[in-house]
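The values are calculated or read from the model by the stated rules, or taken from the named source; none is laboratory data. Keep in mind the model is a prediction, meaning the values are calculated, not measured. Cβ: placed from backbone, ideal geometry, glycine included. Neighbour counts: every protein chain shown.
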Amino acid sequence: MRIHFGNIPGSTGDQSEIEGLHEIRGPRARMGFLLASLTGFVLLIFPITTICLVLTYLVMSRPEPGGGEIQPTAWWGALLACIVFIPLHELLHLVLHPQGGRSDQSILVLWPAKFRFGVYYEGSMSRTRWLLMRIAPFMVLSVIPAVLWTAFQYVPYNYDLKTFISVVVVLNAVGCGGDVIAMFLVLFQVPPSASMVFRAGRAYWRP
């Protein structure tokens, strides 16, 4: 894995047509951000709210076993969740890159001036792997914890951990809006048997 500071530099020449690559079209930056934000809130409402937030409210509203008072909010757990949920989200993308993210084609992008942190793959991978890579953070950090809460909502455990998990689930669900938009773009534009190709920050597909 390589580390890159700043934005990924653009390509000096377009060889996509010569190499038989088809660019994946997407909305402009502002429209893409708006769609990603709206989609993130939809993900938060369904299915996360129904299986996580409502159950979390019920659990937090009940006195802990052996106690007579409602526990206060664990602010340290909430703060820790705000700090680590983006690295956890990006790590799940990274481990589904070819070679588990250990190759030089996997790039950790740090752009302090824009407050951006993420991972990028400069190479090609199958459409199926790419889709799994995109959906992994939503499943692992939002859906699975919500389902576990459904099964173990009355089992007592550390209150700081409860707060940490609930905040990670919520923030990650909202943050997955861009991933879901990207998945829809690929599902509608890229044939199932095609390969995804990434060059200088741009996405292509080829048969």
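Being of a type in the set (Val, Ile, Thr), surrounded by 14 or more Cβ atoms within 10 Å (Cβ to Cβ) and out of contact with any Leu (no Cβ under 6 Å at 6 or more places or on another chain): is that true of residue 135 here? Judged against the criteria, residue 135 is a match. The single residue among 193, 166 that is polar (S, T, N, Q), over 21 Å from the mean Cα position of the chain (by Cα) and not in a strand (DSSP E or B) turns out to be 193.
Considered as a group, the residues in region 110-128 that are of a type outside the set (Ser, Thr, Tyr) and within 15 Å of the chain's Cα centre (by Cα) include one that is modelled with the lowest pLDDT, and that residue is 116.
Of these, 180, 190, which one is crowded, with 19+ Cβ neighbours inside 10 Å and either at positive phi or of a type in the set (A, V, I, L, M) (or both)?
Numbers: 180 fails: crowded, with 19+ Cβ neighbours inside 10 Å.
It is 190.
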